[in-house]
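A short write-up of the structure that comes next.
The values are calculated or read from the model by the stated rules, or taken from the named source; none is laboratory data. As the structure is a prediction and not an experimental result, all values here were calculated from the model. We place every Cβ from the backbone using ideal geometry, glycine too, and count neighbours over all the protein chains shown.
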Amino acid sequence: MGRGGGGREPPQRSLARAVPRVGLEAETSDRLMRRFGPAALAFPGLALMVLFFTLPVGVILAQSFFDPGFTLKFYARMAAGPEYALVFWISIKIALLSAFFSMIAGYPVAYLLVKAAPTLRAIMMAFILLPFWTNILVRCYAWMLVLQTKGLLNSILVGWLHLLATPLPLVFNLTGVIIGMVHYLLPINILILYSAMKGIDLKLVQAAQGLGANPLRAFLTVFVPLSLPAVRAAALLTFVLALGFFVTPALLGGRGEITVAMLVSTYFSEVLDWGFGSALATVLLAITTLGLCLHFALERRRAGLVLQ
Amino acid sequence: MRSLKAWKGTAGRFLAASLVASGAWFATTGSAAAEDTTIVFSGWGGSWQTAERKLYFDTFEKATGIKVVDVPDVNLTKIKAMVGAKNVEWDVVQAIGMWLPQRAGTEELWEPLDYAAIKTDGIPKEMIAPNGVGVATFAQILAYNTDAFPAGKAPTSWADFWDVKKFPGKRGFLNQPRYALEAALMAHGVAMKDLYPLDVERGLKLWEPLKSDVLWWEQWPQAPSLLASGELVMTLSSQARILGLLQSEKTAPVAMVWNQGIMTVDFLAVPKGSKHKEAAFKLISWMLDPEHQAEYAKATDVGPSNTKALALIDEKTKERLPSYHYQKGELVALDNAWWAANLDKLTERWNQWKLTN
């Protein structure tokens, strides 16, 4: 750890002193820059990742394999209970569904952001970012009030508009979980999509229209294909984030909505079986990593095809 | 120097406490540098801890000169991590009973209490353990919506919870095997004294007919809110939350049943490796005092552990306290040792049961 901290120091100093280039300090920083180039700028971030990400993940990994000698008993226990496979499947299903609906809802908004005038865009951004500052627990309780059988939405549908005879089961089931999670993931999704979409040259769409395509066709055949890499990246990140949810499924789900993250939390804080909790977390991490690798492999292949 | 280091750790971890912490640090280093006079209490936070601050800690500071810093969100994981890292920042902890017995695969997390230094006059024997002593009582009870079931037609026991014909409507329960098994067995004729060891498989089976009638909620605050809104017609809840709701909203359509409630006890314990054991024992003694407990019970509806405290409380307030109803034989005490020993197995079985039924 001391080393990590030491490694962080020189580049920071070199940055701070880069402007008044005087004496030995400037020489040191120059040497660093010459030796490592711009990579030196990544040192602080890298050190931070090692300290607060790689090390804890290492500890989790170790905990799942040692007790105190090497053992596979935690994994054997997981393999023995068919309910664990089911919980993994439920988590993946919930994550896929929330990523999917986030994309459906996020894509049009991101497109509007790209097209909007700067003032309107700023206003839209403010509204997109607003939910970020609301605590996740508060949001869950708010959704309960809105979605329950005697909640706001059902009261309007059944009591005021008489559209339905009986209230819809909107919460304490899969529907509630997905609504709560999409609400949480949407701003993140929109921001990723927007930042990638704004690189698309809108003149190409105009050109298509100039050559006779109607606006819809120009959008579908020019803008959409150009935005696909953004879609893939946003979908993947949303999915990965969704895999780690445990508060929302716990509060808005029913008895069938048990996620791996919920189990991890139970085993760490309730049962105090850190070994088994770590094993569950490790498998979840492995699944996520596998998904990421697959994504990057496919992207690379695609890039290769484009170049050919 | 060591205590100073521990201090900084605490302050860093608990933003809310940090202001108080630095204030207390200046105070102690300024005046009584020779005496080691600051201890950290970790409790559940919220209004219960605000009352503890006022009625236990402030008076304790005045009487003894020992400073108490209180931090919220006590949890066993943090205690295990602190003890494991040999850097214990908490000196007195408000623990649920299930935390005291040693778990398989876990080292001893608690200091033995020195009962020469801690006065336990009036504390029932079953609340005095080598590593913890009972301080407060809670009751997990059956609560119902009075719009759905007005007086005269109200449920009076767990058996009524299972009677869907006579008491139709959605029921709620904590999404955990704890209390769920006790309630199911009591509803089907198991006497309170014969409850433990629990017949797990029978208890789970008894829940099956209710499958489509039960909403399994996750957090205690959900229960009174779902009940008051009419989403649930009856549910497990804690007595203090139902009474608290009725106190802040007199017209809330909720009521509760003491009969067959499950009493839980909060214990005071000292994490292994605390650097201020002597002072910690003094604070524990202070919090067991019948007069202090009586004041606390009056302010919070949390039951006193000290039977002598009940004598200092008027009849009307007594009616609100679990300790009183336990004495009357209406409540059964949760068997902490049984749950601590079976928690891992039951967590697994519970999830399996929920997913396959």
Check: When you scan segment A:194-308 for helices (runs of 4 or more DSSP H) that lie fully inside it, which ones turn up with 1 or more residues that are more than 30 Å from B:Leu109 (Cβ to Cβ)?
Finding: A:202-210, A:215-218, A:224-243, A:247-252, A:274-307
Check: If you go through segment B:339-353, how many residues are within 7 Å of chain A (Cβ to nearest Cβ) and farther than 13 Å from A:Leu263 by Cα?
Finding: 1
Item checked: Residues within segment B:212-245 that are out of contact with any strand residue (DSSP E or B) (no Cβ under 7 Å at 6 or more places or on another chain) and more than 9 Å from chain A (Cβ to nearest Cβ), tallied -> 4
Notebook entry, point to check: Any residue at all in segment A:278-286 that is closer than 21 Å to B:Lys354 by Cα, at pLDDT 90 or above and of a type in the set (Ser, Thr, Tyr)?
Noted result: no
Item checked: Candidate set from segment B:299-317 (those that are over 14 Å from the mean Cα position of the chain (by Cα) and crowded, with 19+ Cβ neighbours inside 10 Å); member that is farthest from B:Ile96 (Cα to Cα) -> B:Ile313
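Yes/no per residue for (1) at pLDDT below 95; (2) over 22 Å from A:Ile104 (Cα atoms); (3) not assigned by TED's automatic domain parsing to the domain that holds A:Phe223:
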residue: A:Leu129; (1), (2), (3): yes, no, no
residue: A:Thr149; (1), (2), (3): yes, yes, no
residue: A:Val158; (1), (2), (3): yes, yes, no
residue: A:Leu164; (1), (2), (3): yes, yes, no
residue: A:Ile179; (1), (2), (3): no, no, no
residue: A:Val182; (1), (2), (3): no, no, no
residue: A:Ile192; (1), (2), (3): yes, no, no
residue: A:Met197; (1), (2), (3): yes, no, no
residue: A:Leu202; (1), (2), (3): yes, no, no
Note to self: I'm told A:Val177 meets every condition in (1) over 18 Å from the mean Cα position of the chain (by Cα); (2) within 30 Å of B:Lys170 (Cα to Cα); (3) among the aliphatic types (A, V, I, L, M); (4) within 14 Å of chain B (Cβ to nearest Cβ) except one. Can you identify the failing condition by its number?
What the structure shows: (1)
Checklist line | Of the criteria (1) farther than 28 Å from A:Pro249 by Cα; (2) surrounded by 13 or more Cβ atoms within 10 Å (Cβ to Cβ); (3) within 14 Å of chain B (Cβ to nearest Cβ), which one A:Ser64 fails | finding: (1)
Next item on the list: Could you look through segment A:240-270, keep only residues that are touching a Gly at 6+ places or on another chain (Cβ under 8 Å) and hydrophobic (A, V, I, L, M, F, W, C), and pick out the one that is farthest from the other protein chains (Cβ to nearest Cβ)?
Entry: A:Val240
Check: If you scan segment B:318-357, which residues turn out to be of a type in the set (D, E, K, R) and either over 17 Å from the mean Cα position of the chain (by Cα) or within 17 Å of B:Lys125 (Cβ to Cβ) (or both)?
Finding: B:Lys318, B:Glu319, B:Lys328, B:Glu330, B:Asp335, B:Asp344, B:Lys345, B:Glu348, B:Arg349, B:Lys354
Next item on the list: Provide a single number: the residues in segment B:109-164 that are among the small types (Gly, Ala, Ser), within 17 Å of B:Tyr326 (Cβ to Cβ) and crowded, with 20+ Cβ neighbours inside 10 Å.
Entry: 3
Check: Identify, please: which residue in segment A:151-174 is in contact with a helix residue (DSSP H, G or I) (Cβ under 9 Å, 6 or more places away or on another chain) and not aliphatic (A, V, I, L, M) and is, among those, nearest to the other protein chains (Cβ to nearest Cβ)?
Finding: A:Phe172
Note to self: Here is a check on your reading of the model: is B:Ala104 within 13 Å of chain A (Cβ to nearest Cβ), in contact with an Asp or Glu (Cβ under 8 Å, 6 or more places away or on another chain), touching a residue at least 60 places away in the same chain (Cβ under 8 Å) and in a loop (DSSP other than H, G, I, E, B)?
What the structure shows: yes
Next item on the list: Would you mind finding the one in A:Arg217, A:Arg232 that is closer than 26 Å to A:Val109 by Cα, more than 12 Å from chain B (Cβ to nearest Cβ) and in contact (Cβ under 8 Å) with a residue 12 or more places away in the chain?
Entry: A:Arg232
Item checked: Selected residue (criterion: surrounded by the fewest Cβ atoms within 10 Å (Cβ to Cβ)) from residues of segment B:85-101 that are more than 20 Å from the chain's Cα centre (by Cα) and part of a loop (DSSP other than H, G, I, E, B) -> B:Lys86
Item checked: Answer from A:Val50, A:Val59 - the residue that is within 14 Å of another protein chain (Cβ to nearest Cβ) and of a type in the set (A, V, I, L, M) -> A:Val59
Check: Hey, does segment B:274-285 have a residue that's of a type in the set (Asp, Glu) and assigned by TED's automatic domain parsing to the domain that holds B:Glu111?
Finding: yes
Notebook entry, point to check: Is there any pair linking a residue in segment A:274-289 that is away from chain B (no Cβ under 13 Å) to one that is part of a helix (DSSP H, G or I) and among the acidic types (Asp, Glu), with Cβ under 6 Å and at least six apart or on different chains, and which?
Noted result: none
Next item on the list: Determine whether segment B:65-84 contains at least one residue that is touching a Pro at 6+ places or on another chain (Cβ under 9 Å), in a loop (DSSP other than H, G, I, E, B) and away from chain A (no Cβ under 13 Å).
Entry: no
Notebook entry, point to check: With (1) away from chain A (no Cβ under 14 Å); (2) in contact (Cβ under 8 Å) with a residue 24 or more places away in the chain; (3) within 19 Å of B:Ile284 (Cβ to Cβ); (4) not small (Gly, Ala, Ser) as the list, and B:Lys62 as the residue in question, which single condition is left unmet?
Noted result: (2)
Note to self: Can you go through B:Ala183, B:Ala148, B:Ala143, B:Ala154 and tell me which one is within 14 Å of chain A (Cβ to nearest Cβ), closer than 30 Å to A:Asn154 by Cβ and among the aliphatic types (A, V, I, L, M)?
What the structure shows: B:Ala148
Checklist line | Segments classed as helices (runs of 4 or more DSSP H), wholly inside segment A:54-157, with at least 1 members that are within 22 Å of the chain's Cα centre (by Cα) | finding: A:55-65, A:82-115, A:118-129, A:136-147
